[in-house]
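Presented below is the structure to which this report refers.
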Amino acid sequence: MSGFVEKPEPVEVPGLVHLHTGKVRDLYRNEAGDLVMVASDRISAYDWVLPTEIPDKGRVLTQLSLWWFDQLADLVPNHVLDTELPEGAPEDWAGRTLVCKNLEMVPVECVARGYLTGSGLLEYRESRTVCGLALPEGLVDGSELPAPIFTPATKAEVGEHDENVSYEEVARKVGADVAAQLRQTTLAVYGRARDVARDRGIILADTKFEFGFDGDRLIIADEVLTPDSSRFWPSDVWEPGHAQPSYDKQFVRDWLTSDASGWDRRSEQPPPALPQEIVDATRAKYVEAYERLTGLRWS
């Protein structure tokens, strides 16, 4: 059992129709048929959306995505139409709301990995492969791969795990031409972002993208290259052989699995509220990631 500890009621805004509440984002449709995407301050861990929010998290994710969309504009178009607040929307939506093209979404999580960790490490330990791709012997947690790889996954419902699949499975699902386009674009975007992050003292270990089609044009959608969709590691302390410190919700995961939380993740009980010091430390990590990557002060 997993999902929302307390699923929020959608905000009602004149002229907007609520479509979906996800782990972090709420999705609406406006009268023109465009999508309105609102990034909340919710945070998830171990397939649970927690009862405690992280202040400014949704704004950080939105503003960082917008910054990355600018860095990637020559590689792939994005789905953003407008960043103005819809008329009648609550003031709290400012800075966290995007009006976006209503795309025909591709039902694949497009993951690029440049380093071995996470679910890729688990598969590698069993078979020396990741998503069926053979890798050399001798790699450990945090090892840089000989070259970045495309390791797609199926998109799961809230409370479920994304499931890694082979490239061949993607080709069967969406067609060979689309699969090839997804792989090429994913690796090109990863390569650009890896180099940008590296210049700022950050390793982009892996990341996931979502794409859709506007007619026959492939468009990058949702969030891009944020701490929620990517593993960012400080390069000055990178040391293969163990888990790396990360610009994400590691403080949350560590506290939930500690004795201090009193929570057993193997049980069906929902996780407890986060203490203030974990909330503050997690917010600081998200802000630090934004500032180091963009070179801008968060305000």
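The values are calculated or read from the model by the stated rules, or taken from the named source; none is laboratory data. All of these numbers come straight from a predicted model, not from anything done at the bench. Neighbour counts are summed over all protein chains in view; Cβ atoms, including those assigned to glycine, are modelled from backbone coordinates with ideal geometry.
Taking region 6-33, which residues are surrounded by 15 or more Cβ atoms within 10 Å (Cβ to Cβ) and either within 24 Å of S267 (Cα to Cα) or not assigned by TED's automatic domain parsing to the domain that holds K57 (or both)?
Once the filter is applied, which keeps residues that are surrounded by 15 or more Cβ atoms within 10 Å (Cβ to Cβ) and either within 24 Å of S267 (Cα to Cα) or not assigned by TED's automatic domain parsing to the domain that holds K57 (or both), region 6-33 yields G22, K23, V24.
With respect to V108, determine if the residue is β-branched (V, I, T), assigned by TED's automatic domain parsing to the domain that holds F211, within 30 Å of L16 (Cα to Cα) and out of contact with any Asp or Glu (no Cβ under 7 Å at 6 or more places or on another chain). Steps first, please.
Working: β-branched (V, I, T): yes; assigned by TED's automatic domain parsing to the domain that holds F211: yes; within 30 Å of L16 (Cα to Cα): yes; out of contact with any Asp or Glu (no Cβ under 7 Å at 6 or more places or on another chain): yes.
Against the criterion (β-branched (V, I, T), assigned by TED's automatic domain parsing to the domain that holds F211, within 30 Å of L16 (Cα to Cα) and out of contact with any Asp or Glu (no Cβ under 7 Å at 6 or more places or on another chain)), V108 qualifies.
For region 1-39, enumerate the residues that are polar (S, T, N, Q) and under 14 Å from V49 (Cβ atoms).
Within region 1-39, S2, T21 meet the criteria.
Here is a yes/no grid of residues against (1) of a type outside the set (A, V, I, L, M); (2) buried (at least 18 other Cβ atoms within 10 Å of the Cβ):
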| position | (1), (2) |
| --- | --- |
| S119 | yes, yes |
| L122 | no, no |
| L133 | no, no |
| P136 | yes, no |
| P152 | yes, yes |
| E163 | yes, no |
| A171 | no, no |
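Would you please name the residue that is farthest from A94 (Cα to Cα), looking only at residues in region 1-37 that are in a loop (DSSP other than H, G, I, E, B) and among the small types (G, A, S)? Before you say what the answer is, go through the steps one by one.
Filtering region 1-37 down to residues in a loop (DSSP other than H, G, I, E, B) leaves 1-2, 5-16, 22-24, 30-34.
From what's left, among the small types (G, A, S): 2, 15, 22, 32-33.
On the way: S2: 30, G15: 17, G22: 19, A32: 20, G33: 21 Å.
Filtering first and then ranking leaves S2.
I'd like to know if region 138-147 contains one or more residues that are in the same structural domain as S230 (by TED's automatic domain parsing), touching a Phe, Trp or Tyr at 6+ places or on another chain (Cβ under 9 Å) and at pLDDT below 95.
No: region 138-147 contains no residue that is in the same structural domain as S230 (by TED's automatic domain parsing), touching a Phe, Trp or Tyr at 6+ places or on another chain (Cβ under 9 Å) and at pLDDT below 95.
In region 32-56, which residues are over 21 Å from L103 (Cβ atoms) and out of contact with any strand residue (DSSP E or B) (no Cβ under 8 Å at 6 or more places or on another chain)? Steps first, answer last, please.
Residues of region 32-56 over 21 Å from L103 (Cβ atoms): 40-56.
Scanning region 32-56 gives D41, S44, A45, Y46, P51, T52, E53, I54, P55, D56.
Yes or no: L75 surrounded by fewer than 18 Cβ atoms within 10 Å (Cβ to Cβ), over 19 Å from the mean Cα position of the chain (by Cα), at pLDDT 95 or above and closer than 29 Å to L218 by Cβ? It would help to see each step written out before you state the result.
Values: surrounded by fewer than 18 Cβ atoms within 10 Å (Cβ to Cβ): yes; over 19 Å from the mean Cα position of the chain (by Cα): yes; at pLDDT 95 or above: yes; closer than 29 Å to L218 by Cβ: yes.
So L75 fits the description; yes.
Checking V24 against (1) in contact with a strand residue (DSSP E or B) (Cβ under 9 Å, 6 or more places away or on another chain); (2) within 18 Å of K7 (Cβ to Cβ); (3) at pLDDT 95 or above: exactly one of these is not met. Which one?
Just one mismatch for V24, condition (3).
Under 7 Å by Cβ, and 6 or more places apart or on different chains, what pairs join a residue from region 217-230 that is farther than 17 Å from V99 by Cβ with one that is in a strand (DSSP E or B)?
L218/F211; L225/T207; S229/T207; S229/K208; S230/L204; S230/D206; S230/T207
Scan L66, L81 and give me the residue that is within 16 Å of the chain's Cα centre (by Cα), closer than 19 Å to V224 by Cβ and surrounded by fewer than 20 Cβ atoms within 10 Å (Cβ to Cβ).
Working: L81 fails: within 16 Å of the chain's Cα centre (by Cα).
After ruling out the rest, the residue left standing is L66.
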